[in-house]
Amino acid sequence: MNYTRLTLKLGGILFFVTIALFLILYFVFSTQGSISEADYFNYSSLINCFVMPALYAGIGFYSAFSAAKQQALKFGQGFRKAFIPQFIGGLLSLAFIFIFFNTVGSWAEDSLQRGWYSLIETNPNQEFMEKNGEFVAGMKDLNYNMFTFRTFTIAFMTVLFFYVMISTIFAVFLKNRKM
């Protein structure tokens, strides 16, 4: 199979799965009265911390492994084959979520913010509250936009760091190996 098509296909799959998870959680929260704002924030965090890294790493490995089946890869080739699908899926997903929260989903942004603050109040960590008093006070203010371009740029840089690290591991593992 043409690798460029496979790369775009895998990046698209990551994008669609990410957006599907995002919209399913959004839909369930917005239509079910039994899910609190704190639960909405908590479920969002769990998906972002456990499901998404495994999904992106799995697709990155599959991409590099598929190429290694065809020929032995050099480090740079293995890195690119693992990194590019993750980059495409992540960039498109974060762009969609950024646009969503800054247009039609502003009430969901407020719900996430209240959910975060509710969890902090329910399980207070005095040391955190004392060290980050200004930050915690800012979270009480619903006029504060958590989903600014600056915030998303920082989030994307963090995600890129993950992509680089996991792609490096896969490239080293698959370097000069034909599977």
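So, counting K/R as plus one and D/E as minus one, what does the shell of residues with Cβ under 13 Å around Phe29 add up to?
Overall, the nearby charge balance is -3.
Nearest 20 debye, what's the magnitude of the dipole of the chain about its Cα centre given +1 on Lys and Arg Cβ and -1 on Asp and Glu Cβ?
Values: 13 positive and 9 negative charges, 322 e Å.
That gives the chain a dipole magnitude of about 1540 debye.
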Note the count of lysine pairs whose C-alpha atoms are less than 17 angstrom apart in the chain, limited to pairs 8 or more residues apart or on different chains. 9
Could you derive backbone 3J(HN,Hα) for the range 66-73 from the dihedral phi with the Karplus parameters 6.51, -1.76 and 1.60 (θ = phi - 60°), listing whole Hz in sequence and x where the residue is Gly or Pro? 4, 5, 5, 5, 7, 7, 5, 9
Take Arg5, project a point 7 Å from its Cα along the Cβ direction, then tell me which residues of the range 56-90 have their backbone nitrogen under 12 Å from it. none
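What does the charge add up to near Ala38, with Lys and Arg as +1, Asp and Glu as -1, over the other residues with Cβ less than 12 Å from its Cβ? Before the final figure, lay out the partial values.
Values: positive: Arg114; negative: Glu37, Asp39, Glu121.
Neighbour charge sum, excluding Ala38 itself: -2.
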Computed [θ] at 222 nm, helices only, for the chain once each DSSP H run of length n ≥ 4 contributes -39500 (n - 2.57): -27000 deg cm²/dmol
Label Phe75 and Arg150 with points 7 Å out from Cα along Cα→Cβ: what is the distance between them in nm? 3.7 nm
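Coordinate-derived values only; no laboratory data. These numbers were taken from a predicted model, which means no experiment stands behind them. Neighbour counts are summed over all protein chains in view; Cβ atoms, including those assigned to glycine, are modelled from backbone coordinates with ideal geometry.
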